[in-house]
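The values are calculated or read from the model by the stated rules, or taken from the named source; none is laboratory data. The structure displayed is predicted, hence computed values, not measured ones. Cβ placement follows ideal geometry from the backbone for every residue including glycine, while neighbour counts extend to all protein chains displayed.
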């Protein structure tokens with residue numbers, strides 16, 4: 001048997017170019033299959049980790065998914081708002097343990113700005129249930145102070161003590177031609193924006209990385225966000241009218257409207273009763289959304305798209321494994337002499353068929369191994385881009401149960417693809433008179 005394995009290895013080595021191409025095809029296709037699964041899992045984990053500790057999201061009636069995407073993930077824009085009076089009534093509900101206001105507005109060189117209160121950093125949790133950690137600094141305590149996420153700090157080269165000026169609006173591109181740093185300025189090409197250059201914000205805190213959209217967010221106090229727009233109307237500055245930063249405290253800076261509020265309950269098991277109470281109250285049309293349920297609805301909505309991607313990657317795998325079966329089949333006629341030599345060494349058609357199955361399994365395993373290594377290389381190479389561009393942290397980790405199942409499926413399919421050449425070899429051995437010895 002050792003001689004048979006040696007000859008089989010020598011045979012495969014003599015066809016290393018064609019088999020190498022097959023291995024490469026399997027590696028690429030398996031890497032694509034596993035990368036889609038990894039991205040799917042990490043996107044879900046990133047979204048779920050963004051709402052840990054939140055029982056309800058309360059906002060204007062606009063649809064569960066739309067409200068959640070805007071307030072938590074900064075995607076899209078809900079046309080309606082939540083009045084400050086409704087937010088105050090929310091705090092009077094005996095079931096509510098805490099509430100945090102959210103008001104979206106402006107951006108810092110493409111990163112969204114969220115107005116809130118300092119209690120946000122006390123109540124929000126990381127995926128492991130721990131409180132948000134500080135990489136440097138503290139939460140804001142007064143006007144014109146800001147806290148930035150880890151990715152904002154990295155991408156813009158900002159740190160505690162510097163000042164930044166926001167750009168007005170949610171989608172406009174930031175201007176890069178002004179610098180308002182009091183301390184160490186960012187490098188050339190990283191100048192700060194001009195929309196509210198007359199009222200710069202001082203960075204007082206930088207959050208540790210969380211792998212969620214929080215890494216790409218700038219937080220300011222609600223009153224600061226209101227103060228920035230005292231001399232603006234209709235999305236533009238009032239001509240000839242300007243309120244200096246040192247005079248804004250003379251005005252009422254309490255916002256009249258919010259985008260939403262995050263709510264925590266004394267007893268989370270009462271969430272359905274509280275949700276029903278706020279959804280059915282008279283007066284202002286409000287909506288209380290359970291984040292987990294809304295996310296489940298979102299995943300159900302995009303499940304068909306996920307299945308389509310998985311089907312495409314499975315087809316690519318099938319093409320690669322089919323190419324392997326075709327290569328083995330095409331080479332059988334040229335390997336008749338090899339079959340005769342193996343028969344002379346005592347091999348039966350069973351041995352020959354088994355060697356072909358072993359060859360197909362080996363080729364599949366080698367291609368799958370290269371695919372897994374390529375996957376980890378891509379995850380390592382794309383991790384920073386995924387966080388900066390989409391707020392999703394691709395995890396460099398041991399394969400999950402789902403990924404092991406996919407790899408087992410690839411191996412099983414590779415073995416099945418080897419059965420056809422093995423069966424063909426069996427019939428060829430019999431037709432050539434290479435019957436087992438009696």
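Among the candidates 192, 166, the residue that is buried (at least 21 other Cβ atoms within 10 Å of the Cβ), under 29 Å from the mean Cα position of the chain (by Cα), closer than 14 Å to residue 228 by Cα and at pLDDT below 90 is uniquely 166. Screening residue 39 against (1) surrounded by fewer than 18 Cβ atoms within 10 Å (Cβ to Cβ); (2) assigned by TED's automatic domain parsing to the domain that holds residue 375 leaves a single unmet condition, (1). Would you confirm whether any residue within region 6-14 is part of a loop (DSSP other than H, G, I, E, B), crowded, with 16+ Cβ neighbours inside 10 Å and over 31 Å from the mean Cα position of the chain (by Cα)? The answer is no; no qualifying residue exists. Could you say whether any residue in region 137-149 is surrounded by 21 or more Cβ atoms within 10 Å (Cβ to Cβ), more than 21 Å from the chain's Cα centre (by Cα) and either modelled with pLDDT under 80 or not in a strand (DSSP E or B) (or both)? Within region 137-149 (the criterion being surrounded by 21 or more Cβ atoms within 10 Å (Cβ to Cβ), more than 21 Å from the chain's Cα centre (by Cα) and either modelled with pLDDT under 80 or not in a strand (DSSP E or B) (or both)), the answer is yes, since at least one residue qualifies. Being touching a helix residue (DSSP H, G or I) at 6+ places or on another chain (Cβ under 9 Å) and modelled with pLDDT of 80 or more is a description that does not apply to residue 280. Considering region 40-55, the residues that are outside any helix (DSSP H, G or I) and either under 14 Å from the mean Cα position of the chain (by Cα) or closer than 30 Å to residue 385 by Cα (or both) include one that is modelled with the highest pLDDT, namely 54.
Quick grid of which residues meet (1) within 30 Å of residue 413 (Cα to Cα); (2) touching a residue at least 12 places away in the same chain (Cβ under 8 Å):
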site: 292; (1), (2): no, yes
site: 307; (1), (2): yes, no
site: 318; (1), (2): yes, yes
site: 322; (1), (2): yes, yes
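The selection criterion, being farther than 30 Å from residue 413 by Cα, more than 22 Å from the chain's Cα centre (by Cα) and modelled with pLDDT under 80, does not hold for residue 243.
Regarding residue 108, is this residue more than 14 Å from residue 205 (Cβ to Cβ), buried (at least 17 other Cβ atoms within 10 Å of the Cβ) and not assigned by TED's automatic domain parsing to the domain that holds residue 258? Against the criterion (more than 14 Å from residue 205 (Cβ to Cβ), buried (at least 17 other Cβ atoms within 10 Å of the Cβ) and not assigned by TED's automatic domain parsing to the domain that holds residue 258), residue 108 does not qualify. Annotation note: Cβ proximity below 6 Å between a residue of region 381-394 that is over 13 Å from residue 44 (Cα atoms) and a residue that is assigned to a helix (DSSP H, G or I) and modelled with pLDDT of 65 or more (sequence gap 6+ or interchain) occurs for 387/151; 388/151; 388/155.
Look at (1) touching a helix residue (DSSP H, G or I) at 6+ places or on another chain (Cβ under 9 Å); (2) more than 26 Å from residue 276 (Cα to Cα); (3) in contact (Cβ under 8 Å) with a residue 24 or more places away in the chain and you find that residue 131 fails only one, number (3). Just one of (1) surrounded by 14 or more Cβ atoms within 10 Å (Cβ to Cβ); (2) modelled with pLDDT of 70 or more; (3) on the phi < 0 side of the Ramachandran plot; (4) assigned to a loop (DSSP other than H, G, I, E, B) fails for residue 211. It is (3).
Within the set 298, 286, the sole residue that is modelled with pLDDT under 90, under 26 Å from the mean Cα position of the chain (by Cα) and surrounded by 13 or more Cβ atoms within 10 Å (Cβ to Cβ) turns out to be 298. Check region 363-385 and report whether any residue there is at positive phi, within 21 Å of the chain's Cα centre (by Cα) and at pLDDT below 80. No, that holds for no residue.
For region 247-276, the set of residues classified as without any contact (Cβ under 8 Å) to a residue 24 or more places away in the chain, surrounded by 11 or more Cβ atoms within 10 Å (Cβ to Cβ) and more than 18 Å from residue 55 (Cβ to Cβ) consists of 247 only. The lone criterion from (1) closer than 12 Å to residue 257 by Cα; (2) within 23 Å of the chain's Cα centre (by Cα) left unmet by residue 82 is number (2). Of the helices (runs of 4 or more DSSP H) that lie entirely inside region 56-131, those containing 1 or more residues that are out of contact with any strand residue (DSSP E or B) (no Cβ under 7 Å at 6 or more places or on another chain) and over 24 Å from residue 282 (Cα atoms) span 64-73, 120-123.
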